[in-house]
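Worksheet for the structure shown next.
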Ligand code: NAP
């Protein structure tokens, strides 16, 4: 018996076949879910539509999550075509590149507002829009990173945004728990995606991660997809408001130098 048989899933954040959202879509599809996809802008349609077709997805809609009108239109379509929603996946983030170059100290007001709007508020907006379609047993999942808890060079305003996103998860979990809807975050180790390419010296960060993470193994979108399947399934039915690390154990370290040399 597949873990997500009969579940309707709406996934935000597929940019290309390296996206974490795409890894999640494939694993949820493999577990029997019916998938609906949303992408940010028209320019992505060319890449996202063939991916969707490859797993038989017919609901593929554009939605800029900074627009309440676009969110309303998308959910109206979702309700018409699917009637109900069981799982919401939010795999979206954005910050201006100049805010990821220097010091956090120099973040502009507009850069801060933009990062928080796209990367944090959007999860609240999508949760509110999803709620009328969700029954008890529903699951909402977002994507975070360890830079929310510890200082990671150049992650800057995204670290602050991820801290706010993790707090958002707890508040939403408290609001929606009485309705039987669970809300959790997955904290992924570094994965080479389009968003990651925007983080200066990401390659270096990735190399260091591979040398010191206890499992010495890189993280793939499939790893995140597997975790997303489990946390959204009935096997995790009493877990809500949590941040689950999928990072080969990196977050447990107090000293991030290769221990073989000590
Ligand atoms: P990705 O493939 O670039 O996905 C990010 C997605 O967010 C893109 O589809 C992007 O669309 C979308 N987005 C940006 N602004 C948007 C808007 N206004 N409306 C709708 N969508 C918008 O990169 P990813 O690494 O898979 O990122 C997915 C999530 O995982 C993010 O929250 C990221 O912070 C998180 N995460 C990533 C890593 C990592 O190492 N890669 C680690 C931990 C957590 P555009 O391409 O059009 O901007």
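The values are calculated or read from the model by the stated rules, or taken from the named source; none is laboratory data. These figures come from a predicted structure and were not determined experimentally. Ideal geometry is used to build each Cβ from the backbone, glycine not excepted, and the neighbour counts take in all protein chains shown.
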(message) Please go through the range 91-131 and give me each residue that is crowded, with 19+ Cβ neighbours inside 10 Å and more than 17 Å from residue 148 (Cα to Cα), ordered by number.
(response) 122, 126, 127, 129, 130
(request) Among the residues of the range 219-241, write down those that are part of a loop (DSSP other than H, G, I, E, B), within 18 Å of the chain's Cα centre (by Cα) and surrounded by fewer than 17 Cβ atoms within 10 Å (Cβ to Cβ). (result) 239
(message) So, in the range 1-48, exactly how many residues are at pLDDT below 95, more than 27 Å from residue 190 (Cβ to Cβ) and either crowded, with 18+ Cβ neighbours inside 10 Å or in contact with a strand residue (DSSP E or B) (Cβ under 9 Å, 6 or more places away or on another chain) (or both)?
(response) 2
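Residues checked against (1) more than 13 Å from the ligand (Cβ to nearest atom); (2) over 17 Å from the mean Cα position of the chain (by Cα); (3) more than 20 Å from residue 38 (Cβ to Cβ):
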| site | (1), (2), (3) |
| --- | --- |
| 74 | no, yes, no |
| 93 | no, no, no |
| 96 | no, yes, yes |
| 108 | yes, yes, yes |
| 117 | no, no, no |
| 127 | yes, no, no |
| 153 | yes, yes, yes |
(message) Checking the structure you have, find out if any residue of the range 83-91 is within 16 Å of the ligand (Cβ to nearest atom), over 15 Å from residue 8 (Cα atoms), modelled with pLDDT of 95 or more and outside any loop (DSSP other than H, G, I, E, B).
(response) no
(message) If residue 175 satisfies all but one of (1) in contact (Cβ under 8 Å) with a residue 24 or more places away in the chain; (2) farther than 14 Å from residue 93 by Cβ; (3) not in a strand (DSSP E or B), what's the number of the condition it fails?
(response) (1)
(message) Considering only the range 191-200, I want to know if a residue exists there that is more than 11 Å from the ligand (Cβ to nearest atom) and free of Cβ contacts under 8 Å to residues at least 60 places away in the same chain.
(response) no
(message) Of the conditions (1) within 14 Å of the ligand (Cβ to nearest atom); (2) more than 22 Å from residue 231 (Cα to Cα); (3) surrounded by fewer than 22 Cβ atoms within 10 Å (Cβ to Cβ), residue 78 satisfies every one except a single condition; which number is it?
(response) (1)
(message) I'm checking my understanding of the structure. Among residues of the range 37-63 that are part of a loop (DSSP other than H, G, I, E, B) and closer than 17 Å to residue 93 by Cα, which one is nearest to the ligand (Cβ to nearest atom)?
(response) 40
(request) Spot the failing condition for residue 212; the list is (1) touching a residue at least 40 places away in the same chain (Cβ under 8 Å); (2) out of contact with any strand residue (DSSP E or B) (no Cβ under 8 Å at 6 or more places or on another chain); (3) over 19 Å from residue 252 (Cα atoms); (4) more than 9 Å from the ligand (Cβ to nearest atom), and only one is missed. (result) (3)
(message) For the list (1) in a loop (DSSP other than H, G, I, E, B); (2) in contact with a helix residue (DSSP H, G or I) (Cβ under 6 Å, 6 or more places away or on another chain); (3) under 17 Å from residue 20 (Cα atoms), I need the number of the one condition that residue 191 fails.
(response) (2)
(message) Could you check the range 7-23 and list, in sequence order, the residues that are under 13 Å from residue 91 (Cβ atoms) and more than 9 Å from the ligand (Cβ to nearest atom)?
(response) 9, 10, 11
